[in-house]
Amino acid sequence: MSCLACCCASATCGLCSSVASGISRKSARIAYCGLFGASLVVSWILRETGAPLLEKFPCTFSDPSSSIYVQSQMFQWVCRYQVPVSQRFDDWNLGINTSDAFTKEWYQQQAVLRVSFGNFLFFAIYALIMIGVKDQNDRRDSWHHGGWPVKMIVWFLLVVLMFFVPNVIVSIYGTLSKFGAGAFLLVQVVLLLDATHNWNDSWVEKDERKWYVALLVISVACYLATYAFSGILFMWFNPSGHDCGLNVFFIVMTMILAFVFAIVALHPAVNGSLLPASVISVYCAYVCYTGLSSEPHDYVCNGLNRSKAVTASTLILGMLTTVLSVLYSALRAGSSTTFLSPPSSPRSALLEDPEDGKKKNGEAEARPVSYSYSFFHVIFALASMYAAMLLSGWTDSSESASLIDVGWTSVWVKICTGWVTAGLYIWTLIAPLILPDREFY
């Protein structure tokens with residue numbers, strides 16, 4: 001048996017080494033996405049199947065009439081899951097409130113947060129190391145694209161070590177993750193705004209009638225879809241016989257914002273277009289839907305989920321959608337020159353003399369990097385926080401941990417994201433009027 005285990009371990013290590021050695025400069029970003037995706041899979045497995053393993057962990061407790069003694073100080077957060085209800089004391093110094101922490105839900109949150117914490121540290125450390133990388137002659141450029149066997153080992157060790165971290169630190173990380181998740185959502189909004197404006201500009205630059213017609217058709221279709229979908233939201237989240245004023249407010253506000261987008265964009269003083277306004281309107285309607293669908297499942301105004309029983313297929317589908325969204329946003333934002341482009345990026349390099357890229361002493365040409373390595377890793381660090389909040393229900397203990405992204409915290413985060421999107425879009429339209437001396441790209 002031991003021989004078989006050694007053979008399996010050797011084969012696994014060989015497979016990992018061959019995969020790591022096959023990662024090239026062009027596939028490095030995809031590899032980082034794969035590493036990030038692996039952290040989500042580990043979090044999901046521990047969240048769904050890890051709790052029963054706690055009952056087998058060796059913990060030693062004292063006599064029921066006295067204070068609780070845990071033999072393994074490093075795994076207090078695990079051992080507390082086994083503590084009988086009658087022996088739970090508020091003075092057990094573990095760094096968090098013990099009134100509702102001795103539950104399966106609490107353990108699932110801890111497992112997700114600790115894996116996320118290790119993943120966050122990995123990308124945050126790399127973000128710090130990559131600060132100031134401007135050209136490919138920098139030694140750190142090879143650190144970003146190569147050394148994958150070492151990276152995988154470091155990532156694995158960081159994730160494992162987080163399970164030895166005291167509860168106080170993990171609790172602080174969970175609080176900070178709410179802000180980091182909000183920052184990641186803000187990055188998604190900026191990406192959307194940039195993409196819609198670029199889409200509109202690319203078609204307008206063609207200066208042909210068919211492209212103008214296409215712009216008009218798509219814009220009208222998006223607005224029709226926005227208001228039709230809003231009507232559906234009224235049926236789903238404003239059931240008859242119930243007072244659902246908050247849901248009605250969210251939906252009506254979304255419809256009003258969509259109308260305001262068109263009015264501002266088509267105003268003669270504003271150099272706007274109907275296409276970005278329509279696309280942002282559809283996005284705001286979608287965000288409103290995701291926010292309303294995250295309402296607690298026992299909330300009478302949530303017409304989609306009257307029961308807390310959620311099938312495995314629904315959970316898996318929701319998880320896959322979340323993973324794809326996070327991976328796309330992290331990859332797109334990290335490689336986008338919209339954010340913190342290095343001074344030597346292609347966008348700025350177009351304005352430089354090609355001869356300036358050569359060293360005066362005749363050495364090899366210093367080729368500029370194509371994107372900010374540091375910001376690339378920052379985006380993955382923020383995405384780690386965002387994914388942790390989704391899997392832990394934004395650390396909201398009021399909802400069952402078997403449900404993904406459900407709770408009032410999630411509702412307000414998404415609704416506010418839609419409002420921030422609306423505010424930023426309107427600002428992109430009126431900013432040139434308010435600040436005429438500044439240049440906007």
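The values are calculated or read from the model by the stated rules, or taken from the named source; none is laboratory data. Please read these numbers as outputs of a predicted model, since none were measured by experiment. So basically every Cβ, Gly included, is an ideal-geometry build from the backbone, and we count neighbours across all protein chains shown. Heavy atoms of the whole protein, side chains included, go into the accessibility calculation; ligands, DNA and RNA do not. Shrake-Rupley method; radii C 1.70, N 1.55, O 1.52, S 1.80 Å.
From the list Ser397, Ser372, Ser384, Ser410, which residue is modelled with pLDDT under 75 and either within 30 Å of Glu48 (Cβ to Cβ) or surrounded by 16 or more Cβ atoms within 10 Å (Cβ to Cβ) (or both)? If you could, list the steps in order and put the result at the bottom.
Details: Ser372 fails: modelled with pLDDT under 75; Ser384 fails: modelled with pLDDT under 75; Ser410 fails: modelled with pLDDT under 75.
Step by step, each of Ser397, Ser372, Ser384, Ser410 is checked, and only Ser397 is modelled with pLDDT under 75 and either within 30 Å of Glu48 (Cβ to Cβ) or surrounded by 16 or more Cβ atoms within 10 Å (Cβ to Cβ) (or both).
Could you list, in sequence order, the residues of the stretch 234-254 that are closer than 14 Å to Ser281 by Cβ and open to solvent by less than 10 Å² (accessible area, probe 1.4 Å)?
Ile251
Hey, Val168 hits all of (1) farther than 24 Å from Val42 by Cα; (2) assigned to a helix (DSSP H, G or I); (3) out of contact with any helix residue (DSSP H, G or I) (no Cβ under 9 Å at 6 or more places or on another chain) but one; which does it fall short on?
Result: Val168 passes all but (1).
Scan the stretch 148-190 for residues that are of a type in the set (D, E, K, R) and within 29 Å of Gly407 (Cβ to Cβ) and report the count.
1
Just one of (1) surrounded by 12 or more Cβ atoms within 10 Å (Cβ to Cβ); (2) at pLDDT 50 or above trips up Thr60, so point out which.
The number of the failed condition is (1).
In the stretch 131-147, what residues are farther than 30 Å from Thr175 by Cα, of a type outside the set (D, E, K, R) and open to solvent by 40 Å² or more (accessible area, probe 1.4 Å)?
Gln136, Asn137, Ser142, Trp143, Gly147
Got a sec? Which of Tyr299, Tyr286 is at pLDDT 80 or above, within 20 Å of the chain's Cα centre (by Cα) and hydroxyl-bearing (Ser, Thr, Tyr)?
Criteria check complete, one pass: Tyr286.
Restricting to the stretch 190-217, count the residues that are under 24 Å from Met255 (Cβ atoms) and more than 29 Å from the chain's Cα centre (by Cα).
Residues flagged as under 24 Å from Met255 (Cβ atoms) and more than 29 Å from the chain's Cα centre (by Cα) within the stretch 190-217 amount to 3.
State which residue is most open to solvent (accessible area, probe 1.4 Å) when the search covers only the stretch 113-130 and only residues that are in contact with a Ser or Thr (Cβ under 6 Å, 6 or more places away or on another chain) and either at pLDDT 90 or above or among the polar types (S, T, N, Q) (or both). Outline the logic, then answer.
So in the stretch 113-130, the residues in contact with a Ser or Thr (Cβ under 6 Å, 6 or more places away or on another chain) come out as 115-116, 119-120, 127, 130.
Going one step further and asking which of them are either at pLDDT 90 or above or among the polar types (S, T, N, Q) (or both), we end up with 115-116, 119-120, 127.
Details: Val115: 1, Ser116: 9, Asn119: 1, Phe120: 46, Ala127: 8 Å².
Taking the candidates together, the pick is Phe120.
With modelled with pLDDT of 90 or more, farther than 30 Å from Lys414 by Cα and surrounded by fewer than 19 Cβ atoms within 10 Å (Cβ to Cβ) as the only criterion, which of Val150, Val165 stands out?
On the way: Val165 fails: modelled with pLDDT of 90 or more.
One residue alone meets the criteria, Val150.
List, please: which pairs have Cβ atoms under 6 Å, are six or more places apart or on different chains, and start with a residue in the stretch 268-286 that is in contact (Cβ under 8 Å) with a residue 12 or more places away in the chain and end with one that is of a type in the set (Phe, Trp, Tyr) and open to solvent by 10 Å² or more (accessible area, probe 1.4 Å)?
Going by the 6 Å Cβ cut-off, the qualifying pairs are Ser278/Tyr223; Ala285/Phe229.
Considering only the stretch 260-283, state which residues are over 16 Å from Thr226 (Cα atoms), open to solvent by 60 Å² or more (accessible area, probe 1.4 Å) and modelled with pLDDT of 85 or more.
The answer is Leu266, His267, Pro268.
Failed condition for Ile316, given (1) open to solvent by less than 40 Å² (accessible area, probe 1.4 Å); (2) modelled with pLDDT under 85; (3) not in a loop (DSSP other than H, G, I, E, B), with all others met?
Evaluating Ile316 over (1) open to solvent by less than 40 Å² (accessible area, probe 1.4 Å); (2) modelled with pLDDT under 85; (3) not in a loop (DSSP other than H, G, I, E, B) leaves (1) as the failure.
Mind listing just one residue for me: the one in the stretch 188-233 that is in a helix (DSSP H, G or I), farther than 21 Å from Ala285 by Cα and of a type in the set (Asp, Glu) and, of those, most open to solvent (accessible area, probe 1.4 Å)? It would help to see each step written out before you state the result.
In the first step, residues of the stretch 188-233 are kept if they are in a helix (DSSP H, G or I); the result is 188-206, 209-233.
This time we only want the ones that are farther than 21 Å from Ala285 by Cα, so: 198, 201-206, 209-214.
Now drop any that are not of a type in the set (Asp, Glu), which leaves 201, 205.
Values: Asp201: 73, Glu205: 151 Å².
Looking at residues that are in a helix (DSSP H, G or I), farther than 21 Å from Ala285 by Cα and of a type in the set (Asp, Glu), I get Glu205.
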